[in-house]
């Protein structure tokens, strides 16, 4: 069986494309770094790929807000390709700046369950961190076990780095958050690492630096109603191996809770990418 083909976007300030492509390859994917313009001019087509990844970085220098210009480029120049990609049931992930891009295209959090496919209407945003500065630090994440998100399946809690200046997830009203919560689209939250695993998620605002940005309801990432489109501010590709964790020299860096690890060296973040590869294979 041929490995799933992964399109990893690059260009215009995206700078995490190499490592994002590498982690998909580690778990059985066949990644190709594609310049955004090649999809726009027709040199490449999303139809030829099984997964789309929008990596982190500083697309268009974060001018007019992080992810704004790249989001507009995708929303207007690739609208039909993205519409079909989602309609065909193919997974999409946006990491850090990629999450900002997906939110500003309207792919995340996306329309309600009753709607048919993406409407490309922006309903949320990621704005300046409450600290007023760029945050580069490690955080603890916990995942909603009831989420439809195919990317987070069977993952409970991981440590992960964040690297962003605009990571505060906001929406117009509390009812918007309530609707996402009821659909279990609030797939991943910042949690206090001292809490018991499985009991860390709370709607109450967590203090800095447990929540590095002041995100509403401590949201670190969301999925759309189908669970196929997923975005998060932290960088799981940056903890694909235990030696990347700050506790690795103490021999206490955590690994994934999975029987499919590549070796004792595997870090917690790799399972997110493995889940997508396995999902694509399961649909064939």
*asked:* I'd like the full set of residues that are more than 27 Å from residue 259 (Cβ to Cβ) and surrounded by 18 or more Cβ atoms within 10 Å (Cβ to Cβ), limited to the range 129-156.
replied: 129, 135
*What is the number of the single condition among (1) buried (at least 21 other Cβ atoms within 10 Å of the Cβ); (2) more than 24 Å from residue 152 (Cα to Cα); (3) in contact (Cβ under 8 Å) with a residue 60 or more places away in the chain that residue 56 does not meet?*
(2)
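Rundown of residues vs (1) more than 19 Å from the chain's Cα centre (by Cα); (2) within 24 Å of residue 225 (Cα to Cα), yes/no style:
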| residue | (1), (2) |
| --- | --- |
| 1 | yes, no |
| 7 | no, yes |
| 14 | no, no |
| 29 | no, no |
| 54 | no, yes |
| 60 | yes, no |
| 64 | yes, no |
| 82 | no, yes |
| 87 | yes, yes |
*Name, by its number, the condition in (1) farther than 25 Å from residue 57 by Cβ; (2) in contact (Cβ under 8 Å) with a residue 40 or more places away in the chain that does not hold for residue 238.*
(1)
*Quick check, is residue 98 out of contact with any helix residue (DSSP H, G or I) (no Cβ under 8 Å at 6 or more places or on another chain), buried (at least 17 other Cβ atoms within 10 Å of the Cβ), modelled with pLDDT of 95 or more and outside any loop (DSSP other than H, G, I, E, B)?*
yes
*Within the range 132-148, is there a residue that is under 25 Å from residue 239 (Cβ atoms), free of Cβ contacts under 8 Å to residues at least 40 places away in the same chain and outside any loop (DSSP other than H, G, I, E, B)?*
yes
*Would you please name the residue that is surrounded by the fewest Cβ atoms within 10 Å (Cβ to Cβ), looking only at residues in the range 101-121 that are touching a helix residue (DSSP H, G or I) at 6+ places or on another chain (Cβ under 6 Å), assigned to a loop (DSSP other than H, G, I, E, B) and touching a residue at least 40 places away in the same chain (Cβ under 8 Å)?*
120
_Selection count, the range 256-284, where residues are more than 15 Å from residue 23 (Cβ to Cβ) and not in a helix (DSSP H, G or I)_ = 5
*What number of residues within the range 66-80 satisfy the criterion of being part of a helix (DSSP H, G or I), under 17 Å from the mean Cα position of the chain (by Cα) and over 14 Å from residue 108 (Cα atoms)?*
1
*Return the total of residues in the range 18-45 being in a helix (DSSP H, G or I) and surrounded by fewer than 21 Cβ atoms within 10 Å (Cβ to Cβ).*
9
*Mind listing whichever residues of the range 167-196 are assigned to a loop (DSSP other than H, G, I, E, B), touching a helix residue (DSSP H, G or I) at 6+ places or on another chain (Cβ under 7 Å) and either in contact (Cβ under 8 Å) with a residue 60 or more places away in the chain or surrounded by fewer than 21 Cβ atoms within 10 Å (Cβ to Cβ) (or both)?*
171
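The values are calculated or read from the model by the stated rules, or taken from the named source; none is laboratory data. These numbers come from a predicted model, not from an experiment. So basically every Cβ, Gly included, is an ideal-geometry build from the backbone, and we count neighbours across all protein chains shown.
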